[in-house]
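What follows is one structure encoded as structure tokens, with my remarks underneath.
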Ligand SMILES: Cc1ncc(COP(=O)(O)O)c(C=O)c1O
């Protein structure tokens with residue numbers, strides 16, 4: 001028995017990728033494994049995603065490019081984030097492709113590629129409305145793409161964009177962004193048909209085939225998380241991660257006795273309280289204080305009292321069969337009951353991405 005473990009179902013990653021690949025028809029699937037695979041463990045999930053039909057990988061940072069590039073040397077890798085000059089060297093050494101959206105940065109990448117003795121493969125980023133990374137002037141994007149294609153030290157591998165509202169019910173802004181990107185993509189293809197144009201994240205893949213282009217960059221869905229924050233089963237996606245611990249102690253609480261820092265919960269009647277050795281040091285957010293359920297013996301039990309760094313407490317009720325050593329599930333299935341990351345996210349008024357990314361390195365990730 002372990003104090004805490006995140007069980008990672010790599011078969012589910014494979015199945016989710018196969019599901020997305022079927023949706024994509026001809027377009028390539030690029031598995032996004034940044035932030036340690038959204039907290040699921042990047043190496044194992046990347047491997048499973050490739051088994052499931054992904055043909056490319058993407059990360060955000062130079063450190064991630066180094067880790068993934070070393071492990072998957074023959075798989076095309078894109079580093080999507082902004083990079084410092086030093087990080088450009090790291091990313092090129094890792095064999096990764098890079099994002100470019102400014103002429104001065106394009107020249108820097110060309111210069112660094114020359115010193116490495118081989119071409120750098122670049123993807124020119126169009127900010128079609130995300131308002132974050134990328135160049136928002138379509139003419140400049142096309143000029144930059146030409147400059148990359150004509151530079152002896154660069155290879156123009158792609159032109160791309162990212163949606164701001166693919167996961168929202170209203171499609172008007174999504175359609176606007178798509179329309180803008182379609183024009184740029186058509187101009188790129190007219191000049192250079194071999195250059196990959198790409199835009200879709202998980203939500204876009206599932207909502208609109210027009211967004212698929214040559215490749216989709218999917219993260220959240222490959223981990224079996226619902227990009228629309230409802231239920232992954234709505235899209236035939238299988239949750240990949242479960243967060244498990246155990247009941248370390250079971251104690252009798254007379255009415256009025258309190259659990260945890262600040263006495264934020266007091267037993268309303270005589271009851272049993274279970275202590276679970278897991279807390280915000282593991283990424284179980286303190287805002288779940290008096291605001292979550294935990295599964296023990298296939299039943300939901302309310303988390304009561306303040307979540308501390310290493311412990312949390314459950315109200316097991318006036319009569320209980322729960323014993324020390326019983327498994328406690330914070331995210332995942334136990335018997336007929338299931339707590340989805342989406343439920344935890346709703347309670348925290350955030351998104352499932354943040355829930356799994358928050359699980360700290362103190363919790364070992366183990367393949368199930
Ligand atoms: C540029 C870019 N593309 C693709 C993705 C994958 O998005 P999702 O996890 O929603 O599929 C991300 C993730 O945030 C991203 O930043």
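Rule-based calculations on the coordinates, nothing more; no lab input. Everything numeric here is computed off the predicted structure, so don't read it as measured data. Because the Cβ atoms are built from the backbone with ideal geometry, glycine has one as well, and the counts that use them run over all protein chains shown.
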Computed [θ] at 222 nm, deg cm²/dmol, the chain (DSSP H ≥ 4; -39,500 (n - 2.57); rounded to nearest 500): -9500 deg cm²/dmol
Listed peptides 182-194, 277-289, 318-330 by packing density, highest first (mean Cβ within 10 Å): 277-289, 318-330, 182-194
Degrees separating the helix 103-116 axis from the principal Cα axis of the chain, which is the longest one: 90
Rounded, prolate or oblate (a/c below 1.5 giving rounded, otherwise prolate when a/b exceeds b/c) for region 1-112 by Cα gyration tensor: oblate
Computed E for residue 270/residue 346 - FRET, C-beta separation, R0 30 angstrom, nearest 0.05: 0.40
Selected from 308, 211, 202 as most flexible by GNM, with the chain as the system and alpha-carbon contacts under 10 Å: 308
Alpha carbon centroid spacing (whole Å) that separates region 339-368 from region 245-285: 21
Estimated distance in nm for a label pair at residue 192 and residue 102, the labels positioned 7 Å out from Cα along Cα-to-Cβ: 2.1
Between 0 and 90°, nearest 10: helix 10-24 axis offset from the chain longest Cα axis: 40
Segment residue 321-residue 358, extension gain: residue separation times 0.36 nm, minus the distance between their alpha carbons: 10.1 nm
Nearest-ten-degree value, helix 138-150 long axis tilted from longest Cα axis of the chain: 70
Most fluctuating residue given options 49, 62, 257, as computed from a GNM of the chain linking Cα atoms under 10 Å: 257
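What FRET efficiency do you get for residue 86 and residue 3 if R0 is 56 Å and r is their Cβ-Cβ distance, rounded to the nearest 0.05? Numbers along the way, then the final one.
Values: r = 38 Å, r/R0 = 0.68.
That pair, residue 86 with residue 3, gives E of 0.90.
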Region 204-235 and region 135-182: distance between their alpha carbon centers, rounded to Å: 19
Gap separating the Cα centres of region 116-132 and region 55-78, nearest whole Å: 16
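Based only on Cα atoms, what Rg/Rh ratio does the chain have, Rh being taken as Kirkwood's radius? Kindly include the intermediate steps, with their values, before the conclusion.
Numbers: Rg = 23.5 Å, Rh = 22.1 Å.
With Rh from the inverse mean 1/r over Cα pairs, Rg/Rh is 1.06.
Rounded to the nearest 0.05, what FRET efficiency is calculated for residue 248 and residue 51 with R0 set to 56 Å and r the Cβ-Cβ distance?
Numbers: r = 37 Å, r/R0 = 0.67.
Efficiency computed from Cβ-Cβ geometry: 0.90.
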